[in-house]
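Reviewing the structure listed below.
The values are calculated or read from the model by the stated rules, or taken from the named source; none is laboratory data. This one's a predicted model, so the numbers in the text were calculated from it and none came from an experiment. Counting neighbours? That spans all protein chains shown, and the Cβs are built from the backbone with ideal geometry, glycine included. Only protein heavy atoms, including side chains, enter the accessible area calculation; ligands, DNA and RNA are left aside. Shrake-Rupley method; radii C 1.70, N 1.55, O 1.52, S 1.80 Å.
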Amino acid sequence: MTTVNNDVCAGDADLSDFALRAEEWLQTAVPVEWRESRGALSGEESDAIRREWDLQLWRGGFAGIAFPKDFGGQGLGLAEDVIFHVLAAKAQAPDGFSRVGKTLVAPMVVRSGTDWQKERYLPPLLRGEELWCQGFSEPDAGSDLAGVRTRAVRDGDGYRITGRKTWTTFAQHADRIFVLAVTDPDAPRYKNLSMFLVDMRAPGVSINDIRQISGAIHFAETHFDGVFVAERDRVGNEGDGWKIAMELLGDERGGSEAAARYVEIRSDLDLLFRTCGDRPELANALQELDERTETLRWHLAKVIDLEGMGGEAFARAVSVLKVLWSELWQVVARVGFEAHVPADREHWRYQFFESKAVSIYSGTNEIQRNLISERVLGLPR
Ligand SMILES: Cc1cc2nc3c(=O)[nH]c(=O)nc-3n(C[C@H](O)[C@H](O)[C@H](O)COP(=O)(O)OP(=O)(O)OC[C@H]3O[C@@H](n4cnc5c(N)ncnc54)[C@H](O)[C@@H]3O)c2cc1C
């Protein structure tokens, strides 16, 4: 079984070599101003650093780590991807804006895209030059994604898209958006949808910023008013949208983010032990959190081992993992926030608010529990 210790994920010599290379690169690549004044940078300063980070990852040879070489990736596995996320979190590296493109669009285009789409979209995406956002949720369709109402109506050699998407992360920075839309309103549920790759600067696309509880603005509502999209930008056939979306959501819940979160949780918990370890009223809570963090580490190692098996076993394990890390992070952040350590107040305030969202995105934890009860425990619907 792959081991995941508190420092790094290690299994064999190749992984150790990779870890060493990544660690050395991160030491010099992570911008000092980001590392030293995290949380204190203005929105624009922080956005500029995150934007540049996407380009740096490519130059450093760490973009598309688990992505096939044929399409410009590094051709390595999930273990290397996880190692990089772990080390990047330890090195306090920025989180770039290219995540949506690399983790969602790239696998989707490789799986279901045409040769034209692969050639057109994969290189700039991996280089961090073209940023993507996700157009799934709508005001009345989130967990019930099949209920989306955005329409794509045939028009000559393409379609006209009209509708409203919401919670579009990074819409302010994105060059393109992938959109799930209804192409055949008369077809049965799940057979009526198609997937499109849309230019965010096309006439008819507009966005309204949404400010988050932490003060940051990384969301928007995205409006489509008769936006033309060429037929060559439809992924798969008409009616394949639901199948493609479900495969993509499997990618979204993958193990790399969990690995980075594990490091963040571990380091937050260490901070709590250092600053509050002698407070008797917190002793039980800290002990319990320590045990839960160990459980998360064990589960993470298991998910990495399951990657090779792919399919259902991997998907189920990833659902469990998502519930484990998201709820643990929320409790650690709450305990830290309520511990009132003056020197760490800003840190815990940020973690407390940021952690609120993690049980909602990538499929809410209630939905994950539905999946676990049906697919892991075999309970009736
Ligand atoms: C940080 C963040 C980033 C996001 N980024 C994007 C993005 O880039 N693009 C995008 O398209 N969307 C994005 N989303 C939206 C996200 O996918 C949805 O918020 C999520 O799917 C839930 O949908 P909803 O908000 O409409 O809630 P609803 O679906 O209305 O759910 C409301 C509540 O009811 C519960 N519920 C609903 N159905 C069931 C059920 N069958 N069984 C049990 N409980 C149920 C839910 O768990 C939830 O607690 C993001 C969300 C967040 C928080």
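For region 229-243, indicate whether the set of residues that are under 23 Å from residue 54 (Cβ atoms) and either surrounded by 16 or more Cβ atoms within 10 Å (Cβ to Cβ) or touching a Leu at 6+ places or on another chain (Cβ under 8 Å) (or both) is non-empty.
yes
So which of 178, 224, 170, 196 is in contact with a His (Cβ under 7 Å, 6 or more places away or on another chain) and either surrounded by 21 or more Cβ atoms within 10 Å (Cβ to Cβ) or not in a strand (DSSP E or B) (or both)?
Sole residue among the options that is in contact with a His (Cβ under 7 Å, 6 or more places away or on another chain) and either surrounded by 21 or more Cβ atoms within 10 Å (Cβ to Cβ) or not in a strand (DSSP E or B) (or both): 170.
Looking only at region 125-147, count every residue that is open to solvent by 60 Å² or more (accessible area, probe 1.4 Å) and among the hydrophobic types (A, V, I, L, M, F, W, C) and tell me the total.
Of the residues in region 125-147, 0 are open to solvent by 60 Å² or more (accessible area, probe 1.4 Å) and among the hydrophobic types (A, V, I, L, M, F, W, C).
Scan region 166-178 and give yes if some residue there is in contact with a Leu (Cβ under 6 Å, 6 or more places away or on another chain) and modelled with pLDDT under 95, otherwise no.
Yes, region 166-178 contains a residue that is in contact with a Leu (Cβ under 6 Å, 6 or more places away or on another chain) and modelled with pLDDT under 95.
Kindly evaluate residue 101 against the criterion of being closer than 21 Å to residue 199 by Cβ, part of a helix (DSSP H, G or I) and within 16 Å of the ligand (Cβ to nearest atom).
So residue 101 fits the description; yes.
Scanning for something under 20 Å from residue 193 (Cα atoms), away from the ligand (no atom under 16 Å from the Cβ), without any contact (Cβ under 8 Å) to a residue 24 or more places away in the chain and surrounded by fewer than 22 Cβ atoms within 10 Å (Cβ to Cβ), does region 68-83 turn up at least one residue?
no
So is residue 106 assigned to a helix (DSSP H, G or I) and more than 14 Å from the ligand (Cβ to nearest atom) or not?
Answer is yes for this residue.
Could you pull out the residue among 189, 201 that is in a loop (DSSP other than H, G, I, E, B) and closer than 23 Å to residue 144 by Cα?
Exactly one of 189, 201 is in a loop (DSSP other than H, G, I, E, B) and closer than 23 Å to residue 144 by Cα, namely 189.
Which condition number does residue 381 fail, the rest of (1) open to solvent by 30 Å² or more (accessible area, probe 1.4 Å); (2) within 13 Å of the ligand (Cβ to nearest atom); (3) modelled with pLDDT of 85 or more being met?
(3)
Restricting to region 124-138, and then to whatever is assigned to a loop (DSSP other than H, G, I, E, B) and within 8 Å of the ligand (Cβ to nearest atom), can you tell me which residue is farthest from residue 56 (Cα to Cα)?
In this case the residue turns out to be 137.
When you scan region 148-162, do you find a residue that is surrounded by 20 or more Cβ atoms within 10 Å (Cβ to Cβ), within 15 Å of the ligand (Cβ to nearest atom), assigned to a strand (DSSP E or B) and not assigned by TED's automatic domain parsing to the domain that holds residue 366, even just one?
yes
Could you check, for region 343-351, whether at least one of its residues is closer than 14 Å to residue 262 by Cα and open to solvent by 70 Å² or more (accessible area, probe 1.4 Å)?
Checked region 343-351: no residue is closer than 14 Å to residue 262 by Cα and open to solvent by 70 Å² or more (accessible area, probe 1.4 Å).
Within region 258-374, which helices (runs of 4 or more DSSP H) (wholly inside it) include 3 or more residues that are within 16 Å of the ligand (Cβ to nearest atom) and touching a residue at least 12 places away in the same chain (Cβ under 8 Å)?
By residue number, 311-339, 345-355, 365-371.
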